[in-house]
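**Q** Mind having a look at this structure? Questions to follow.
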Amino acid sequence: MICCLDRWVHYNGHVLQFKTTIEKLNSFECDSNFYPSKIGYNDATTFNGFCSKHDKELFSPVEDFNIVPTMEQITLLTYRSFAKEIYSKAAGISAHNLNESAIQEITGQTRLENKDIYSFSDTINSGFKSGVKNLEKEFFPLTEKILNKDFTDIDFLLIKLSNPPYLMGTTTVFPEITANHNQIQILVNEKEPEWISLSMFADSTFGYILFSWNSKHKKILNFIIDLLDQEDVVNNIIHFAVLYSDNFVFSPIWWENMKVICKRRLGILATSSYFLDLRTGEDLRFRKIRKWADWEMLEIISNNTTLESTFRTVNLFNDNN
């Protein structure tokens, strides 16, 4: 979900996005750099998961009005995050069958001759299939709740920023590790893995970072608590977003002004395989956080009483109950 993206679109209506392609992975092995691709403004703001009529009707409370936030807005943003993630992963599964021939054509190597790239492609596809299965278990019940105007059972943490964030997009994932490196779940052992949605966007006035999750999920609550415990919350979130998803787009100006070491770290995060550095095997989850941004946080809002009581000494925190 992207609102007010035009407030920082440059380069003739283009934004940037990390796209993992076979060509880039092949060159990444050679020069150890990974650069974002230009994409058009319309491509960045268009999501074809819903027809235009129903998209307009369903998401009007978040597209046509500033963020309050209401529980309807929070639930709809969460729902769109689910839909986007399922759509992206399903597209990746559909494309996988084309990858093997593409890898051989681009690299000139068979599966036996370049096991790493073929294995990377297989690993991504396996993750896509597992992700879609887990996401759909939550997506269909959430659909029914929205159709019935039931906006309960969602907890959220909303960070209000003074300006639109230079990184925007949405994802829904199943984290296993917190920012303090505590293990909260092991996905292969979980019958019902716990999810969290992240949306970074803006309305006509402010920028926002939204985390939302099932109110019954206590493991994910620990993920949020550890995140808020960090000295640099914003850059931990940027690290998390780029590592876990390629659904995010960002400002060309932001990228241009970024230090080389910070660009390189983002590239490494974007090319990870199951959160591991392809070259070194390093676990990248919440490690070596760079100073990518200094966005000003104006307020932190949540409907979760545990968060309010734990962080009531934080001046920005505002209980939404």
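The values are calculated or read from the model by the stated rules, or taken from the named source; none is laboratory data. The shown structure was predicted, so the numbers you read here are calculated from the model rather than taken from an experiment. Please note: Cβ atoms are built from the backbone with ideal geometry, for glycine as well, and neighbour counts cover all protein chains shown. Please note that ligands, DNA and RNA were not included when accessible areas were found on the heavy atoms of the full protein model with its side chains. Shrake-Rupley method; radii C 1.70, N 1.55, O 1.52, S 1.80 Å.
**Q** Residue by residue, what Karplus-based ³J(HN,Hα) values in Hz, rounded to whole numbers, does the range 78-89 have, using 6.51, -1.76 and 1.60 with θ = phi - 60° and x for Gly and Pro?
**A** These are the phi-based 3J(HN,Hα) values: 5, 5, 5, 4, 4, 4, 4, 5, 4, 4, 5, 5 Hz.
**Q** Got a sec to turn the phi values of the range 218-223 into Karplus ³J(HN,Hα) couplings, 6.51 cos²θ - 1.76 cosθ + 1.60 with θ = phi - 60°, whole Hz, x for Gly and Pro?
**A** Computed from phi, the couplings for the range 218-223 are 7, 5, 5, 4, 5, 4 Hz.
**Q** Show which lysines lie in cross-link reach of LYS89 when reach means a straight Cα distance below 16 angstrom and same-chain residues fewer than eight apart are skipped.
**A** Excluding near neighbours in sequence, the set is LYS19, LYS129, LYS133, LYS137.
**Q** Considering only protein heavy atoms and a 1.4 Å probe, what is the carbon-and-sulfur percentage of the accessible area of the range 242-311?
**A** Roughly 49 percent, rounded to a whole number.
**Q** Would you calculate the separation in nanometres between label points at LYS216 and ASP294, each defined as 7 Å from the Cα along the Cα-to-beta-carbon direction?
**A** So the label points at LYS216 and ASP294 sit 4.5 nm apart.
**Q** Among the lysines, select those whose C-alpha is under 19 Å from the C-alpha of LYS288, and discard any that sit fewer than 8 residues away in the same chain.
**A** LYS259, LYS263
**Q** Would you please give the residues with an amide H less than 5 Å from that of ASN304, counting only those at least 5 places away or on a separate chain, with H modeled from the backbone geometry?
**A** Close amide H contacts, sequence-distant or interchain: PHE156, ASN320.
**Q** Picking from PHE275, SER309, ASN247, whose Cα lies most toward the positive end of the charge dipole for the range 203-321 (charges on Cβ: Lys, Arg +1; Asp, Glu -1)?
**A** In the range 203-321, that residue is PHE275.
**Q** Could I ask something else about it? Using modelled amide H (1.01 Å from N, peptide plane; none on Pro or chain starts), what sits under 5 Å from the amide H of VAL68, excluding residues fewer than 5 places away?
**A** Amide H neighbours of VAL68: none.
**Q** Any chance you could check the Cα centroid distance between the range 64-93 and the range 119-181 for me, in angstrom?
**A** That distance is 8 Å.
**Q** Rounded to whole Hz and in sequence order, give me ³J(HN,Hα) for the range 183-199 from the Karplus expression 6.51 cos²θ - 1.76 cosθ + 1.60, θ = phi - 60°, writing x for Gly and Pro.
**A** 7, 10, 6, 10, 4, 5, 9, 9, 6, 10, x, 8, 10, 9, 9, 10, 10
**Q** Report the gain in length on full extension from ASP43 to ASN182: 0.36 nm times residue separation, minus Cα-Cα distance, nm rounded to one decimal. Intermediate values should be presented prior to the final figure.
**A** Numbers: separation 139, 0.36 × 139 = 50.04 nm, distance 3.75 nm.
46.3 nm is the gain from fully extending ASP43 to ASN182.
**Q** Okay, next question. Please compute the modelled spin-label separation between THR306 and GLU136, points set 7 Å along Cα→Cβ, answer in nm with one decimal.
**A** 3.1 nm
**Q** Related question: Leaving ligands, DNA and RNA out of it, report the carbon-plus-sulfur percent of the accessible area of the range 153-213 at a 1.4 Å probe.
**A** On the way: 830 of 1860 Å².
Whole-percent figure for carbon plus sulfur exposure: 45.
**Q** Which order, highest average first, do 132-143, 231-242 follow once you tally other Cβ atoms within 10 Å for each residue and take the mean per peptide? Show your work: numbers first, answer last.
**A** Details: 132-143: 15.2, 231-242: 20.1.
Going by the mean number of other Cβ atoms within 10 Å, highest first, we get 231-242, 132-143.
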